[in-house]
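One structure is given here, and the rest of the page talks about it.
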Amino acid sequence: MPSLHFTSPALVSAQSGHETSPMDPQNTDLELAIKTLVENFHSASSTNANTLTAQEFQSMLSKELPTMAKTAGDQEGLNKLLTEMSVEEGKGVTFKDFWKLVESLANAQFGLLSKEKQVKCVKCSLM
């Protein structure tokens, strides 16, 4: 299987000789969403570290994912979530760990939208 190679948007901008801004029409919604995920993760660290403490992670979730990650609001829920993400007790939350949560939330959202489509399609076929 061939390996995938992705080019950083910043590298593309540097190679083309101009900088892009978040409002640049060259960025798609999906590109902006990915950039936002990365920026929000990094900005949640008070020390600009590559990992977040459990408290920083919990704060980011309550601010950025208040309806999708409700269970992380208390210590017990946060501990359960960190365990589900395979984050060892006392270890920092890496972006890879965070990505497991994003993947889980995205899969749940996809499932919800897929069910809605199926229901709509059934209704259409019955008419």
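Here the dipole of the range 28-95 is about 60 debye; that uses its Cα centre as origin and unit charges on the Cβ of Lys and Arg (positive) and Asp and Glu (negative).
Between 109, 85, 62, the Cα set farthest toward the positive side of the dipole of the range 23-117 (charges on each charged residue's Cβ, about the Cα centre) is that of 109.
Among the listed pairs 70/100; 63/100; 80/115; 35/80, which have their C-alpha atoms separated by more than 20 angstrom in this model?
80/115; 35/80
With θ taken as phi - 60° and the Karplus curve 6.51 cos²θ - 1.76 cosθ + 1.60 applied, the whole-hertz 3J(HN,Hα) list for the range 74-87 is 10, 4, 5, x, 5, 4, 5, 4, 4, 5, 4, 8, 6, 8 Hz, x standing for glycine and proline.
Bear in mind these aren't lab numbers, they're just calculated from the coordinates by the rules spelled out. Just so it is clear, the structure is predicted and the values come from calculations on it, not from any experiment. Cβ: placed from backbone, ideal geometry, glycine included. Neighbour counts: every protein chain shown.
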